[in-house]
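Chemist: Provided herewith is a single structure, encoded as structure tokens, for subsequent inquiry.
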Amino acid sequence: MQDLIRSAFLKYSFQARIGAMDGCLIAYHSTARFFGFQYTPISEMEEAVYGDARLGDFIFKHSVGFLEKILLEAKECYPAESVKLTFAADTADSEDVLRVFVEPVVEDPSRPAVTLLELRGTNYIDGEAQSKVRLPSAFDKNGATWDVGYSIVKHTGLETGDSALDGDKIARLFSDVRDFQSMFNNVTLPIGVDLADYLGAVERAAQEGVEQADEDVALTTRFPVIPGFTYKGSPSKGVRNLRKLAAKGKAEAAEERAAQEGGTRRIVQLKTVVEIREE
């Protein structure tokens, strides 16, 4: 339970706070059945994530505050226009930096296509700068005050100076972030669905005046075309291992259900061997 909360529940604790909720209800399930439910209050989530539930209010307040300041800065990059934001945290350098790429929805070649905002911060405990804040020891001292200083630097590619970034550098940083994100923008088609059949169905669906076969409609409905999203035919090693685990779990669940019903069923995998003999 501790590992589950630490790996996934930071966002859920934020959602619960935004919705003025007391906690979240967890459902334990597979793709076939539910095994049980468990209620987890916010205090338990934050105890597991931060090491001390007292830090929840502080971290939530500052996180939302930083988001508000970033959005205000992004709004001024292209005033009175709709923009798209891409967030990327970079901890490879000696100092952590949050990069926010701001793109206008309407392109205009006479201005920068992307504006980069870089957020850097420093933690202070009782006024002393900290290279790293160890939680929850920062609050162990009576009356300790934890403050965060920050700066937001805007790069359009038109600035000058030693710390300025040109347009090519901004474009490379943005491209690297997009390449990394693209790993999460593809899905492996399930067993029994051929990639060539799917691509053919998509191509035929794009042709005007051509009536689609039922098989094509079923494929394009089940796997809709989404800009920036791709489907793969060959599963990776990780996906293959997950499928093996899922099949094993399905078999074990079926055996358990059969035992509970009073009977015993064995799942047998049949293998067909074809032997050709020359007379």
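Every number in this text was worked out from the coordinates using simple rules, so none of it is lab data. Everything quoted here is computed from the prediction, not taken from an experiment. Every residue, glycine as well, gets a Cβ built from its backbone with ideal geometry; the counts of neighbours run over all protein chains shown.
Chemist: What shape does the range 158-255 have by the C-alpha gyration tensor, where a ≥ b ≥ c are the square roots of the eigenvalues, rounded means a/c under 1.5, and otherwise prolate means a/b greater than b/c and oblate the rest? Walk me through the intermediate numbers first.
Modeler: Details: a/c = 4.41, a/b = 1.51, b/c = 2.92.
Since a/c reaches 1.5 but b/c is at least a/b, the shape of the range 158-255 is classed as oblate.
Chemist: Give the share of C-alpha pairs in each 5 angstrom bin for the range 14-123, from 0 to the last occupied bin, in whole percents, shortest bins first.
Modeler: 2, 9, 14, 14, 13, 14, 12, 10, 7, 4, 1, 0
Chemist: Using the Karplus curve 6.51 cos²θ - 1.76 cosθ + 1.60 with θ = phi - 60°, work out ³J(HN,Hα) for each residue of the range 241-251 in order, rounded to whole Hz, and write x for Gly and Pro.
Modeler: Here the 3J(HN,Hα) series is 5, 5, 5, 5, 5, 5, 5, 5, x, 5, 5 Hz.
Chemist: In deg cm²/dmol and to the nearest 500, what is the mean residue ellipticity at 222 nm of the chain if only DSSP H runs of at least 4 residues count, each as -39500 (n - 2.57), divided by the residue total?
Modeler: Details: 7 runs with 109 residues, N = 279.
The per-residue figure over the chain is -13000 deg cm²/dmol.
Chemist: Taking the Cα atoms only, what angle lies between the long axis of helix 167-182 and the longest principal axis of the chain, rounded to 10 degrees?
Modeler: With both axes taken from Cα atoms, the answer is about 40 degrees.
Chemist: Report the Rg/Rh value for the range 81-120, based on alpha-carbon coordinates and the Kirkwood definition of Rh. Present the calculation step by step, with values, prior to reporting the outcome.
Modeler: Values: Rg = 12.2 Å, Rh = 11.2 Å.
Here the Rg-to-Rh quotient is 1.09.
Chemist: Divide the volume of the convex hull of the Cα atoms of the range 65-184 by its number of residues and quote the answer in cubic angstrom per residue. Walk me through the numbers before you get to the answer.
Modeler: Working: hull volume 17.5 nm³, N = 120.
Hull volume normalised by residue count: 146 Å³.
Chemist: Could you compute the net charge surrounding GLY249? Neighbours are other residues with a C-beta less than 14 Å from the C-beta of GLY249; K and R count +1, D and E count -1. If you can, show how the numbers build up before the last one.
Modeler: Details: positive: ARG33, ARG243, LYS244, LYS248, LYS250, ARG257; negative: GLU252, GLU255, GLU256.
Its environment carries a net charge of +3.
Chemist: Would you mind working out the magnitude of the charge dipole of the range 65-184 relative to its Cα centre, with +1 at each Lys and Arg C-beta and -1 at each Asp and Glu C-beta, to the nearest 20 Debye? List each step's numbers first, then the result.
Modeler: Working: 13 positive and 22 negative charges, 51 e Å.
Value, rounded to 20: 240 debye.
Chemist: To the nearest 20 debye, what is the magnitude of the charge dipole of the chain about its Cα centre, counting +1 on the Cβ of each Lys and Arg and -1 on the Cβ of each Asp and Glu?
Modeler: Working: 33 positive and 44 negative charges, 205 e Å.
Magnitude of the dipole: close to 980 debye.
Chemist: Another question about this same structure. For the range 22-118, which GluC sites (Glu not before Pro) are in a loop by DSSP, counting at most 12 other Cβ atoms within 10 Å?
Modeler: Details: sites: GLU44, GLU46, GLU47, GLU68, GLU73, GLU76, GLU81, GLU95, GLU107, GLU118; in loops: GLU81, GLU95, GLU107.
Sparse-neighbourhood loop GluC sites (Glu not before Pro): GLU81, GLU95, GLU107.
Chemist: I need the calculated FRET efficiency for the pair THR91 and ALA20, taking r as the beta carbon distance and R₀ as 45 Å, to the nearest 0.05.
Modeler: Working: r = 32 Å, r/R0 = 0.72.
That gives a FRET efficiency of 0.90.
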